[in-house]
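The values are calculated or read from the model by the stated rules, or taken from the named source; none is laboratory data. Quick caveat: nothing in here was measured; it's all calculated off a predicted structure. Note that we place each Cβ from the backbone using ideal geometry, even for glycine, and neighbour counts take in every protein chain shown. Heads up: the accessible areas ignore ligands, DNA and RNA and are worked out on the full protein's heavy atoms, side chains in. Shrake-Rupley method; radii C 1.70, N 1.55, O 1.52, S 1.80 Å.
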Amino acid sequence: MLHPAILSVMVAASLLAPDLARAESAQDLAWCKGDGNPPLEQQIGGCTALIDARSGEARTRALSYFRRAGAYLQQQDYDKAISDFGEGLALDAGNAAGHYGRAIAYEAKKDTDRAIVDYDSAIEINPRNVKALSNRAAIYADMRAYERAVEDNNRVIELEPDEASGYVARGLTYARRGDFEYALRDFDKAVALDAKSAIALFNRGRVYFSKGDIDRAIADYGAAIDIGPKHASAFESRGFAYLSKGQIDRAIADYDAAVELDGKRATALFGRGTAKLKKGDATGAGDIAAAKKIKPDIASVFDQSGVK
């Protein structure tokens, strides 16, 4: 027979256990939801505890999988993210966010076919899902399926006509297709909506350069650089524009800035080397050698541009 004191402790413990379990569940839920910005491992741990408990209705359990998948995405553990999104969708197949999240993970793994399937599902469930439409458009553009890309771009603009980003995205699609006038129209609209859109200014500059309007290209590159943040591509592009005009010192200054931001940028190294050699600076040969070591066919980029 148990001692009365031991029996009383066991009774007390049994009375406290439900409250303790509820407290632990509440804390796990808060961590899983990301309340208070817990570390990712803590968020994953909270979600895991809820998943292992197997309590609640299907959609509630699906949320725990989706939230843990989101944490895995941030850790760039794409296989675990895909697995968790799949488990969540098995419980709640109509969750557009679940399909969208898994599409992002597939895209990160370069599995664009599966990414498109999930973006399709997310858009079918929620036709106003601008992020899914935008991402699918970008994939189509990469695939050179420009008509499909423009269709998605158009839908984004219909849904958000006052957002510059939609016009930038469609402008990029047109530019890649070689429709420079349509691209300029979209970049102009983007700048009209957001005069501080560095990405619109930079890409408008690229279109101007492609059309041979070097001065306007330089002006837009400069505006994008002034707005920031600073990117090697903007300095390199302006440097190349200066080089094409024979403004060697300005070209070298911009290439210097590009290389400082990205020391492994072969095109910037080659451009700087070319500019230095034009100025009679023999150290340019070292830049060109470094560029060819990074990208052996780099000279073809400049050969095609006509800049020697």
Margin query: Taking the Cα centroid of region 212-245 and of region 88-112, what is the distance between the two, rounded to the nearest whole Å?
Written below: 38 Å
Checklist line | Nonlocal Lys pairs with alpha-carbon distance under 22 Å, region 162-308 (8 or more apart, or different chains) | finding: 27
Notebook entry, point to check: Is region 194-253 best put as rounded, prolate or oblate by its Cα gyration tensor, with a ≥ b ≥ c the root eigenvalues, rounded for a/c under 1.5, and otherwise prolate when a/b is larger than b/c, oblate when not?
Noted result: oblate
Checklist line | Phe180 accessible area, assembled protein chains, probe 1.4 Å, Å² | finding: 60 Å²
Note to self: Along its three principal axes, how long is region 192-308 when you only count alpha carbons? Whole Å, largest extent first please.
What the structure shows: 45, 26, 24
Margin query: If R₀ is 45 angstrom, what is the calculated FRET efficiency for the pair Ala53 and Asp120, using the beta carbon separation as r and rounding to 0.05?
Written below: 0.85
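Accessible area of the chain with a 1.4 Å probe: how many percent of it is carbon plus sulfur? Intermediate results must be reported in sequence, preceding the final value.
Working: 8620 of 16800 Å².
The C+S portion of the solvent-accessible surface of the chain is 51 percent.
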Check: Any idea what diffusion coefficient region 136-208 gets from Stokes-Einstein, in µm²/s, Kirkwood Rh on alpha carbon pairs, 4 °C, 1.567 mPa s?
Finding: 111 µm²/s
Check: What lysines sit close enough to Lys110 to cross-link, taking a C-alpha to C-alpha distance under 21 Å and skipping anything fewer than 8 places away on the same chain?
Finding: Lys80, Lys131
Checklist line | Degrees separating the helix 40-53 axis from the principal Cα axis of the chain, which is the longest one | finding: 40 degrees
Notebook entry, point to check: Applying 1/(1 + (r/R0)^6) with R0 = 35 Å to the Cβ-Cβ distance of Ala90 and Ala145, what FRET efficiency is obtained, to the nearest 0.05?
Noted result: 0.70
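For the chain, with every protein chain kept in place, what is the accessible area per residue (1.4 Å probe, Å²)?
Value for the chain: 55 Å² per residue.
What is the calculated FRET efficiency for Asp113 to Asp226, with r their C-beta to C-beta distance and R₀ = 41 Å, to the nearest 0.05?
Values: r = 41 Å, r/R0 = 1.00.
For Asp113 and Asp226, the calculated efficiency is 0.50.
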Check: Taking the Cα centre of the chain as the origin and placing charges on Cβ (Lys, Arg +1; Asp, Glu -1), which of Ala103, Leu269, Gly286 is farthest toward the positive end of the dipole?
Finding: Gly286
Next item on the list: Would you calculate the volume per residue, in Å³, of the smallest convex hull containing every Cα atom of the chain?
Entry: 193 Å³
Notebook entry, point to check: Which whole-number percent gives the relative contact order of region 26-167, counting Cα pairs below 8 Å spaced six or more residues apart?
Noted result: 13 percent
Next item on the list: Let me have the 222 nm mean residue ellipticity of the chain computed from DSSP H runs of 4+ only, each contributing -39500 (n - 2.57), with the sum over all residues rounded to the nearest 500.
Entry: -25500 deg cm²/dmol
Checklist line | Choice from Gly228, Gly171, Gly271 showing the highest fluctuation, given a GNM over the chain with Cα pairs closer than 10 Å | finding: Gly228
